[in-house]
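Student: My questions will all concern the structure given below.
Each value in this text was obtained by applying a stated rule to the coordinates, not by laboratory testing. This structure is a prediction, so every number in the text was calculated from the model and none was measured. With ideal geometry, Cβ positions are generated from the backbone for all residues, glycine too; neighbour counts draw on all protein chains shown.
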Amino acid sequence: MNWQKTSGYNERSKVEAAMSRYKRVIGDALKSRHDDRRTTEVAIAVKCLNQMNELGRAKFVRVA
């Protein structure tokens, strides 16, 4: 477990999980071609994911 803390593995894992959720819900790519529309598209996607997170997440407990 120490190697996970020293290498930052846990943080990277959390970021990868967040990106995976984003891609599953929203999709792999932005659909708009203009920057201002892309900004709006990302803002909508982030708001959707934040609302999903507020509804609840699975709670995991480590069993030894």
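Quick grid of which residues meet (1) in a helix (DSSP H, G or I); (2) surrounded by 10 or more Cβ atoms within 10 Å (Cβ to Cβ):
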residue: 3; (1), (2): yes, no
residue: 12; (1), (2): yes, yes
residue: 20; (1), (2): yes, yes
residue: 23; (1), (2): yes, yes
residue: 30; (1), (2): no, yes
residue: 33; (1), (2): no, no
residue: 40; (1), (2): yes, yes
residue: 52; (1), (2): yes, yes
residue: 57; (1), (2): no, no
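Student: Among the residues of segment 41-58, how many are among the β-branched types (Val, Ile, Thr) and farther than 20 Å from residue 29 by Cβ?
Tutor: Residues meeting the conditions: 0.
Student: Taking only pairs six or more apart or across chains, which ones have beta-carbon atoms under 8 Å, a first residue in segment 19-35 that is within 22 Å of residue 53 (Cα to Cα), and a second residue that is surrounded by 10 or more Cβ atoms within 10 Å (Cβ to Cβ) and acidic (Asp, Glu)?
Tutor: 30/41
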